[in-house]
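Chemist: Submitted below is the structure of interest, expressed as structure tokens.
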Amino acid sequence: MGGLPVYLDNAATTAVDPRVASAMAECLTADGTYGNPSSSHAYGREAARRVEMARLEVAAIIGAEPGCIVFTSGATEAANLALLGTARANADRRKHLVSSRTEHRATLDPIRQLEKEGFAVTWLTPDSDGRIAPDAVRAALRPDTLYASIMHVNNETGVVQDIAAIGRACREAGVLYHCDLAQGIGKLPTADVARHVDFGSFTAHKIHGPKGVGALYVAGQARPWLRPILHGGGQERGLRSGTVATHQVVGFGRACAIALAEGARDGARMRELRAALWSALASLPEVLLNSPLDDGSPAILNVSFPGVEGESLVTGLADLAVSTGSACNSASGEPSYVLRALGRDTGLAQASLRFSLGRLTTMLDIERASEAVRREVTRLRAVAP
Ligand SMILES: *Cc1c(COP(=O)(O)O)cnc(C)c1O
């Protein structure tokens with residue numbers, strides 16, 4: 001994909017930072033730290049030392065105690081562990097859950113599964129700007145509510161939820177709070193988010209780390225509510241059995257350390273590029289912005305082009321890494337359920353593109369991309385019946 005004349009880094013995934021890659025490479029071969037971190041011989045102990053250093057780095061990006069970090073294969077597994085693991089452990093006393101219609105599939109699908117297993121779920125609908133009012137969360141909580149699961153930053157629109165207020169509402173009601181943190185890390189300041197949530201799921205590959213590794217933050221007070229969903233060797237304090245993937249975890253740690261040191265600068269730069277992209281696209285007649293410009297994620301810009309099929313646009317823009325929604329959902333060809341939940345009709349939802357910016361995006365990329373989009377939208381509108 002390096003040959004793409006215009007490369008807009010995709011929020012669905014990012015290239016591994018070379019500094020991350022070299023830290024990972026040190027943990028693979030015979031001359032490196034290839035031991036099993038659970039083994040008590042010297043090779044194992046050296047691997048365990050690197051895993052624990054990475055745990056410190058991963059914990060720091062959300063302001064957590066390192067002992068509260070459980071390494072998983074990604075945010076999907078982390079969310080499944082929190083959502084299924086607490087629900088199944090407490091099904092005899094709390095059978096009500098709260099979430100929203102605009103969550104990532106990693107949250108929606110486990111909760112839908114729990115619905116089939118007999119849990120009652122209140123699905124909140126966001127305002128037309130994508131926000132879930134903390135008061136709406138508060139109003140949905142019942143004496144038998146086990147948890148609420150409301151994400152930090154939406155992966156299609158970049159809307160940021162007030163997780164401090166949502167966390168407060170949950171705490172006051174004695175309800176657990178799980179938050180999908182995958183899109184906020186490295187793009188927004190997150191050094192205090194652990195204070196607001198009981199469970200937090202995130203993943204390395206959205207912040208220039210490797211695919212296939214992530215973490216679940218489990219606050220001390222939430223630990224007794226959680227039971228594992230994988231059973232075996234008892235790694236990760238019994239919460240996630242299976243040999244810890246040293247190289248993956250070390251890469252994740254390095255990616256978090258870099259994001260902590262450089263995220264503010266990257267974020268400010270991305271915010272400028274995003275504003276430039278929007279102002280170039282807004283010069284087309286009839287375009288609609290689906291992302292909040294001022295306080296949304298700097299990495300995401302979602303725009304509707306009425307009268308144009310998003311899929312035709314993606315096909316016509318072969319040089320651009322853009323998508324009509326989330327990468328996980330675009331295979332289905334369905335119009336985005338996130339935009340539909342915001343009240344956009346099917347036609348408008350189908351006429352939308354998500355642009356994602358990253359550490360590697362340049363102003364030249366933005367200029368070329370907006371130029372190509374303007375050309376293609378104008379062409380498709382001219383040939384439309
Ligand atoms: C990417 C993403 C996930 C899933 O992460 P994986 O590493 O693929 O499991 C979950 N939630 C959000 C908001 C995401 O952007």
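Chemist: Which residue fluctuates the most in the chain, going by a Gaussian network model with Cα springs under 10 Å, if the choices are Ser297, Ser73, Ser38?
Modeler: Fluctuation is largest for Ser38.
Chemist: A follow-up question, please. If each DSSP helix of 4+ residues adds -39,500 (n - 2.57) and the sum is divided by the residues in the chain, what number results at 222 nm, nearest 500 deg cm²/dmol?
Modeler: Working: 12 runs with 152 residues, N = 385.
The helix-only estimate for the chain comes to -12500 deg cm²/dmol at 222 nm.
Chemist: While we're on this one: In the Gaussian network model of the chain, springs joining C-alpha atoms below 10 Å, which of Ser356, Ser128, Ser283 carries the largest mean-square fluctuation?
Modeler: Greatest mean-square fluctuation among the candidates belongs to Ser283.
Chemist: Over all Cα pairs of the chain, how is the pair count split among 20 Å bins, expressed in % and running from 0 up to the last occupied bin?
Modeler: Calculated over all Cα pairs of the chain, the distribution is 29, 55, 16, 0 percent.
Chemist: For a protection proxy built on the mean count of beta-carbon atoms within 10 angstrom, sort 361-369, 50-58 highest first, please. Intermediate values should be presented prior to the final figure.
Modeler: Details: 361-369: 17.6, 50-58: 21.0.
In decreasing order of mean packing, 361-369, 50-58 become 50-58, 361-369.
Chemist: Please figure out what share of the DSSP beta bridges in the stretch 115-242 is antiparallel and state it in percent, rounded to the nearest 5.
Modeler: Here the antiparallel bridges make up roughly 50 percent for the stretch 115-242.
Chemist: If eta is 0.692 mPa s and T is 37 °C, what Stokes-Einstein diffusion coefficient results for the stretch 245-381, Kirkwood Rh from Cα pairs, in µm²/s?
Modeler: 205
Chemist: Sequence neighbours fewer than 8 away in the same chain don't count; with that in mind, list the lysines whose C-alpha is under 23 Å from Lys187.
Modeler: Within the straight-line limit of under 23 Å, Lys187 reaches these lysines: Lys206, Lys211.
Chemist: Compute the acute angle (0 to 90°) between the alpha-carbon long axis of helix 42-62 and the principal axis of greatest extent of the alpha-carbon atoms of the chain; round to the nearest 10°.
Modeler: 50
Chemist: Using a 1.4 Å probe, how large is the accessible area of Trp225, given in Å² and rounded to the nearest 10?
Modeler: Approximately 60 Å² of Trp225 is accessible to the 1.4 Å probe.
Chemist: Please report the carbon-and-sulfur percent of the accessible area for the chain; probe 1.4 Å, protein heavy atoms only, DNA, RNA and ligands left out.
Modeler: Reported share for carbon and sulfur atoms: 54 percent.
Chemist: Keeping every protein chain in place, order Asp144, Asp31 by accessible area at 1.4 Å, biggest value first, i.e. largest first.
Modeler: Working: Asp144 45, Asp31 140 Å².
These residues rank, largest area first, as Asp31, Asp144.
Chemist: Next question. State whether the stretch 1-147 is rounded, prolate or oblate according to the following rule on the C-alpha gyration tensor (a ≥ b ≥ c being the square roots of its eigenvalues): a/c under 1.5 gives rounded; otherwise a/b larger than b/c gives prolate, and the remaining case gives oblate.
Modeler: Judged from the Cα gyration tensor, the stretch 1-147 comes out oblate (a/c at least 1.5, b/c at or above a/b).
Chemist: Rank by packing, highest mean first: peptides 129-136, 75-82, 206-213, with packing defined as the count of other Cβ atoms within 10 Å averaged across residues.
Modeler: 75-82, 206-213, 129-136
Chemist: Can you give the accessible area of Arg142, probe radius 1.4 Å, in Å² rounded to 10?
Modeler: Answer for Arg142: close to 100 Å² accessible.
Chemist: Here's a follow-up. Using packing as a proxy for protection, rank 87-98, 60-71 so that the peptide with the highest average count of other Cβ atoms within 10 Å comes first.
Modeler: Ranked from most to least packed, the peptides come out as 60-71, 87-98.
Chemist: Given labels modelled 7 Å from the Cα in the Cβ direction, how far is it in nm from Asp127 to Thr378?
Modeler: About 3.7 nm separates the two model spin labels.
Chemist: Can you tell me the orientation of helix 75-89 relative to the chain, as the angle in degrees between its alpha-carbon axis and the longest Cα principal axis, to the nearest 10?
Modeler: Approximately 50 degrees, to the nearest ten.
The values are calculated or read from the model by the stated rules, or taken from the named source; none is laboratory data. Just so you know, these numbers come straight off a predicted model, no measurement behind them. Positions of Cβ are generated from backbone atoms using ideal geometry, with glycine treated the same way; all protein chains shown enter the neighbour counts. These accessible areas exclude ligands, DNA and RNA; they are computed on the full protein's heavy atoms, side chains included. Shrake-Rupley method; radii C 1.70, N 1.55, O 1.52, S 1.80 Å.
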